[in-house]
Structures are given as structure tokens and as C-alpha cells.
């Protein structure tokens, strides 16, 4: 199981990297646009903040030829281990096939259907980014679609991993994980919401209060040095 952070905010990356067990950073043009810097400048900040974590960077070309050229430029700038995010349409599938032949690592993205996921897997994509919340907004059973894609890959021996994406709350994240998604990518706010809970805070406060009644303000390590 892998957790990715879905952001281009360098400060968020640094903060979350210190707290959570992150496997990498995913971006897309819409996320990058929020930072109001040019692509190359912002991606350098992202790369520096990620400090070695794999990056997933999306191309924007409309033809396979354009997608290939963009992928080559991304790999040159940020390293060959950078995952190239390619939307799964006809030109995208064509580009995925060629890039895999050249040894690139690929995240097939903008997946809404089992059919897209099947073709992405057959083309050799390393990850298939399934748009969980967006499917729900279209009245598509995103949990069932995710489970079916996971089963399809296993059934036919494809090594493509399901990377569930497009989340608005932590309930959706758990649905995707329970459906079998091997990876999820989350905005920082959704990731934080998985542990930000008044009941948790109350329990921690109660434990601290009960400890203090007997041991005072000393921590456990301070008490045990006197043992």
C-alpha cells in the first residue's frame, strides 16, 4: 500500500513528508496553476521539497508525438525515474506504448472506466490513476469500478497498480483502499483529516491528565532514568 501527496505546494510537501509515510508526490497542470509560478520554476521547488521522493508529472500535448517530446523533456529536467502522467485516450495509449518501450515509468491518468484501465494496463502503464470523487459526481459506483479494475489486473497478470485519486474526504479514501486500490494520492487537507478528530484529542488529553495525577509533569523517559 502506498500513499502519495497530491500537491505542488512545496511547504505542504515538507510538512507532510515529516509526518506521513509518503511514497511520492503527484501533480497535474491544475494543481500547479494554483501556485502561480511557471512550470519549470514550481517543479524545481517541488523536487527540492520532495527530496528524493518519486514525482508524477503530467504532460499536456494533444498528439502522441507531442506527448513523447514533453516526456523526454521532463525526464531530462527531473530524472528518468519521474513518472510521466498521460491521460488515457487514443493518443495517450499510443504514447504510453512508445514510452514504455523506451524505458519510461508511466502513470496513466484521467481514468473513469474499466475499459480505459484495461487498455492502460495492456499498454504497460505502471500506475492507473482512477478518478474516485469525479466518478461519484457522475453517479458512477467508483468503489465497484475500482474493485473491478484491481480484479482485472490480477486476473490477467498485469503489474499495473491502481492509484486512486480525486478525493474530497477520508471516507472516500477508505472506500478505495477497501476496494483493493494499491495506492492513493491525497490532498494535504484530506490526509490531515484522517487523524484530525476531537475524540482523538480528548483521549490523548485524558491520558495525559491521568499520567500527571501520579507522576507529575515528568515524561516517561525522565521517570525511568530514576528507576
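Residues checked against (1) loosely packed, with under 11 Cβ neighbours inside 10 Å; (2) not in a loop (DSSP other than H, G, I, E, B):
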| residue | (1), (2) |
| --- | --- |
| 140 | no, no |
| 147 | no, yes |
| 174 | no, yes |
| 189 | no, yes |
| 214 | yes, yes |
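Which residue out of 121, 92 is in the same structural domain as residue 8 (by TED's automatic domain parsing), in contact (Cβ under 8 Å) with a residue 12 or more places away in the chain, in a helix (DSSP H, G or I) and within 27 Å of residue 172 (Cα to Cα)? First the steps, then the outcome.
Details: 92 fails: within 27 Å of residue 172 (Cα to Cα).
Just one listed residue meets the conditions, 121.
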Does residue 178 count as under 24 Å from residue 119 (Cα atoms), exposed (fewer than 12 other Cβ atoms within 10 Å of the Cβ) and in the same structural domain as residue 135 (by TED's automatic domain parsing)?
-> yes
Which condition breaks for residue 53 when tested against (1) in contact (Cβ under 8 Å) with a residue 24 or more places away in the chain; (2) more than 26 Å from residue 191 (Cβ to Cβ); (3) surrounded by fewer than 20 Cβ atoms within 10 Å (Cβ to Cβ)?
-> (2)
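Pick from region 7-23 the residues that are touching a residue at least 24 places away in the same chain (Cβ under 8 Å) and more than 16 Å from residue 45 (Cβ to Cβ): which of them is surrounded by the most Cβ atoms within 10 Å (Cβ to Cβ)?
Going residue by residue through region 7-23, those that are touching a residue at least 24 places away in the same chain (Cβ under 8 Å) are 7-17, 20, 22-23.
In the following step, the residues that additionally are more than 16 Å from residue 45 (Cβ to Cβ) were identified as 20, 22-23.
On the way: 20: 16, 22: 20, 23: 16.
Going through the qualifying residues, I end up with 22.
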Considering 113, 160, which residue is within 24 Å of residue 83 (Cβ to Cβ), touching a strand residue (DSSP E or B) at 6+ places or on another chain (Cβ under 6 Å) and assigned by TED's automatic domain parsing to the domain that holds residue 65?
-> 160
Every residue from region 140-182 that is on the phi > 0 side of the Ramachandran plot and touching a residue at least 24 places away in the same chain (Cβ under 8 Å) | 166, 180
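Have a look at 85, 36 and point out the one that is at pLDDT below 95 and assigned by TED's automatic domain parsing to the domain that holds residue 14. Please lay out each step first, then the result.
Details: 85 fails: at pLDDT below 95.
The conditions single out 36.
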By my count, helices (runs of 4 or more DSSP H) wholly in region 1-74 with at least 2 residues that are under 27 Å from residue 101 (Cβ atoms) are 39-50
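The values are calculated or read from the model by the stated rules, or taken from the named source; none is laboratory data. Note that the structure is predicted; figures quoted are calculated from it, not measured. Glycine gets a Cβ as well: all are built from the backbone with ideal geometry, and neighbour counts include every protein chain shown.
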